[in-house]
1. Need one value: the accessible area of Thr49 in square angstrom, 1.4 angstrom probe, rounded to the nearest 10.
2. Less than 16 Å apart at the alpha-carbon level, and either on another chain or at least 8 residues along: which aspartates and glutamates does that give for Lys150?
3. Determine the order of Arg291, Arg36, Arg304 by accessible area, beginning with the largest, at a probe radius of 1.4 Å.
4. Accessible surface of Tyr173 in the full protein assembly, 1.4 angstrom probe, to the nearest 10 Å²?
5. Could you order Ile17, Ile74 so the one with the most accessible surface comes first? Probe is 1.4 Å.
6. Send over the Kirkwood Rh of segment 239-315, from the inverse of the averaged 1/r over different Cα pairs, rounded to one decimal Å.
7. Could you calculate the contour length gain from Ala196 to Asn73, that is, 0.36 nm times the residue separation minus the distance between their Cα atoms, to one decimal place in nm?
8. Could you work out the relative contact order of the chain, using alpha carbon pairs under 8 angstrom and six or more residues apart, expressed as a whole percent?
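The values are calculated or read from the model by the stated rules, or taken from the named source; none is laboratory data. Owing to the predicted nature of the structure, the values given are computational and were not obtained by experimental measurement. As a convention, Cβ positions derive from the backbone with ideal geometry for all residues, glycine included, and neighbour counts pool all protein chains shown. In case anyone asks, the SASA skips ligands and DNA or RNA and just uses the protein heavy atoms, side chains included. Shrake-Rupley method; radii C 1.70, N 1.55, O 1.52, S 1.80 Å.
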Amino acid sequence: VKKNKDAGDVPHIRTPIVCVLGHVDHGKTSLLDRIRGSSVVSGEAGAITQHIGATIVPIDSITSMSGSMKSLNISIPGLLFIDTPGHHAFTTLRARGGALADMAIVVVDITEGFQPQTIEAIQILRNCKTPFVVAATKLDRVPGWRSTEKSPFLKSFGNQNERVTLLIETKVYDIVATLAEHGFSSERFDRVSDFARNLAIVPVSAHTGEGISDLLMVLIGLAQRYMEEALTLTVDGPGAGTVLEVKEEKGLGATIDVILFDGTIRVGDEIAIATTDGVSTTKVRSLLQPRPMQEILIEDRFLRVKEVVAAAGVKVSAPGLDQVIAGSPVRVIGDEPEDVKASIAREMTEINVTLSPE
Ligand code: GDP
């Protein structure tokens, strides 16, 4: 695995983790698919990489998409998107008592506006104090909209007639008004001057790719301004992650898909896990990541790696993983095995799972 090579000279700022929330059918999956498909040709520098349960979009890819200058002095290495959208994924994936995701995108269909689950999403994010941006999607469905594939929003917006321009303004202001009712001050992203005070609304289309580069740049901006400190995690320390899923794999037995949010995990590491029988320990047998597309014909669909550095998605194979609880913490055991086990037990109590004593 490449050791945070995209981080350049600042290897200690890890990739922020992003989750997508919003009302059913408003376009969460399509937006994620578009972001995943918007890569520079895979294999090239800056290409998007598929992880287990997640996708990493490196900063090079984002800046080249948006055509912006490197002089922005960006130290965030990229963005890690959790592949599973929705409120359930966001709320069950915890890290050290908080949400696993560092940031979120709330998707709202621009033609429908806020719906019950959109409101629920912003309430959840407020409670978790998770910074977010609103993606007003399905822009191409606004009657009369003239699309320009993959164009930045303002460029496409400039090509519309007055009626369409006015309609978009009205739709965006409907969203601004609804957000205001819920105590959030917001603006269309290009009018936001202070991202600490105003939520940014980015009109996008997953079908045409319009506004996607703006959305990614706003997320980078958010991470850059408000999260650098929180993101300065020890990529070199013992790995800490959250279990996405427990999966039976042919030839491997029970494996766990993990989002590593801090530190490094290596083959041979002793790890502490939470199982239905309590906190236990095991030794990492192998670390697996998806094979790149061009190697897909090789029968084994996983690539074995020696180590993985946060943030990343990885499949862990080890003895005794069949009883691991989805959503529970995983920790590499360093110098203080009892502390690590106690902290897992504490986190499990916090997330309301009672473990029987060992
Ligand atoms: P989810 O339930 O929030 O994940 O929504 P989906 O991504 O499955 O989208 C629901 C429907 O809306 C699908 O039929 C999509 O093709 C459609 N859709 C999503 N995004 C867009 C968009 O940007 N433009 C258009 N025209 N349709 C979209």
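1. Ignoring ligands and nucleic acids, Thr49 comes out at about 50 Å².
2. In chain and number order, the partners are Asp33, Asp140, Glu210, Asp214.
3. On the way: Arg291 45, Arg36 70, Arg304 130 Å².
Ranked from most to least accessible, the order is Arg304, Arg36, Arg291.
4. 100 Å²
5. On the way: Ile17 0, Ile74 45 Å².
Highest to lowest solvent-accessible surface, that is Ile74, Ile17.
6. 13.2 Å
7. Details: separation 123, 0.36 × 123 = 44.28 nm, distance 1.95 nm.
Full extension of this stretch gives 42.3 nm more.
8. On the way: 778 pairs, mean separation 65.6, N = 358.
Contact order relative to length: 18 percent.
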